[in-house]
Each structure stands twice: as structure tokens, then as C-alpha cells.
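Let me begin by presenting the structure, written as C-alpha cells, before commenting on it.
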Amino acid sequence: DQQVKQNSPSLSVQEGRISILNCDYTNSMFDYFLWYKKYPAEGPTFLISISSIKDKNEDGRFTVFLNKSAKHLSLHIVPSQPGDSAVYFCAASGATNKLIFGTGTLLAVQP
Amino acid sequence: NAGVTQTPKFQVLKTGQSMTLQCAQDMNHEYMSWYRQDPGMGLRLIHYSVGAGITDQGEVPNGYNVSRSTTEDFPLRLLSAAPSQTSVYFCASSLTGDNYGYTFGSGTRLTVV
């Protein structure tokens, strides 16, 4: 039972364009959502988060949007850079503080 | 400031052997978790802890034991290794849970033959 789903295993975009990574969740008790970035042979690193009381959070080139009614969140990267090429995981947590991850999306930014 | 330290980085076990994956953090974080990463499966939570003496199961706890006797350490024990436990294991810690994000270690690559 996958509570957090990333349906696109991979995404390829051109440098300078927008990257949009999507994530869906099924558990309505989740109230905090996070995005992590992972390079090969390294641990994931925290990127950006959003509380369920907000619908948007922005940090530099990264913006996370939350649509609670659709149980959907997305990460926008503008403009995309070759150094953004990595696996991106969305994650969610609720009252139990268990952080549940999705399956990841491999982003490739082409120069 | 070392952050989250995992040892060993690589390990090969024979089926049925036991071992402990070590995890230590020096940030005085209360929350610690163990994840495994498998192709196509993402990161799956094995066990987690919200403080010394308190642990709970995650999504895939079977075959693994944990204990949290100190704030700094959160070892993961494999009692009888199976090939299905071949994976990359990550330990993570957080100051207050999700709000500040988790800091991850660099991982332990375990192969069970």
C-alpha cells in the first residue's frame, strides 16, 4: 500500500526550462510534505517543505505547490540547471512523525 | 560537526549471518530513522525513534531490530540475514521530526549471498 506515489520514474528537461515533478498521496492525515534530492552514492538531502495549512512555498529556484483536495503536490524548478540532475523524492508525515517517501523521480537536465 | 555517521559503508553477509549497522549523530537530534532503498521502491521506513528508549515500527520492520539507549546512537540489527535484505540502508535524524527535515547519513550498501 503505497501512501506516497511518484508516477513518473524519470523526467528530462532542457537547461533553463522549468522542471515539474509530481507527487500524489493517499493518507488524508498527512500534514507536512517535503522534497529531498539524492545524488548517486550519497544520502538524500532536504530541499524544501510545505505545511498543509499552506498551498505554496518558495525558496529561490524551487517552489512547492500543495493541492489538498486533490492530495497532490508538485515541485517546480525554474530555471533548471545541469547540477539539478538527481533523483527527487517527495515525502509526507502526520501525527505519528513517521516520514513516508515516494519512489522517486530521476531528473535529467540536458545542457 | 560530523552529522550522521553510518558504518560500515559496504558489507557482504552470508545467508543466516547476523550483523549490526551502526548509526551515530552528534547534533542532539531526538528523532532517528532507518530506511532501505531498493530499485523502483524508493525509500522505505524500517524503524524509527522519537527519543532515547522509544522506538516504533515503520513500513518494513520484519527481520530487523532496533534499540535506542542513547540520544546519539541508533543501531539496526539483522538477526538472520536473507538475500531479500540486500539493499542500501540509510540512517537519518531530525531535531523535532518533520518540520526541519531529516539529515541523512551516506548509507551502507549490504549484500546478502
Completion exercise
In whole Å, largest first, the alpha carbons of chain B cover along the principal axes 37, 29, 26
Completion exercise
Dividing the mean separation of Cα pairs under 8 Å (6+ apart) by the residue count of chain A yields a relative contact order in percent of 37
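Taking Cα pairs under 8 Å and at least six residues apart, what relative contact order does chain B come out at, in percent?
On the way: 300 pairs, mean separation 40.3, N = 113.
With pairs under 8 Å counted, the relative contact order is 36 percent.
Beyond 29 Å between alpha-carbons counts as too far, so tell me which of A:Lys5/B:Lys14; A:Lys38/A:Lys68; A:Lys54/B:Lys9; A:Lys71/B:Lys9; A:Lys37/B:Lys14 fall in that bin.
Details: A:Lys5/B:Lys14 34 Å; A:Lys38/A:Lys68 26 Å; A:Lys54/B:Lys9 39 Å; A:Lys71/B:Lys9 37 Å; A:Lys37/B:Lys14 33 Å.
From the list (A:Lys5/B:Lys14; A:Lys38/A:Lys68; A:Lys54/B:Lys9; A:Lys71/B:Lys9; A:Lys37/B:Lys14), the Cα-Cα distance tops 29 Å for A:Lys5/B:Lys14; A:Lys54/B:Lys9; A:Lys71/B:Lys9; A:Lys37/B:Lys14.
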Handout entry: q = 0.24 Å⁻¹: log10 I(q)/I(0) that the Debye formula gives for region A:1-88, counting C-alpha atoms only
Key = -1.35
Handout entry: Between region B:44-70 and region A:42-111, the Cα center-to-center distance that results, in Å
Key = 25
Completion exercise
If one builds a Gaussian network model of chain A from Cα atoms under 10 Å apart, the most fluctuating residue listed among A:Ser12, A:Ser93, A:Ser74 is A:Ser12
Exercise for the section: Beyond 30 Å, what share of the Cα-Cα pairs of the protein assembly as shown is found? Please give it as a whole percent. Expected result: 23
Exercise for the section: Give me a single rounded figure for A:93-105: the average over its residues of other chain Cβ atoms within 10 Å of their Cβ. Expected result: 6
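Every number here is computed from the coordinates shown, using simple stated rules; none is lab data. The model shown is predicted, which means the values in this text are computed figures rather than measured ones. Heads up, the Cβs are rebuilt from the backbone with ideal geometry, glycines too, and the neighbour counts pull from every protein chain shown.
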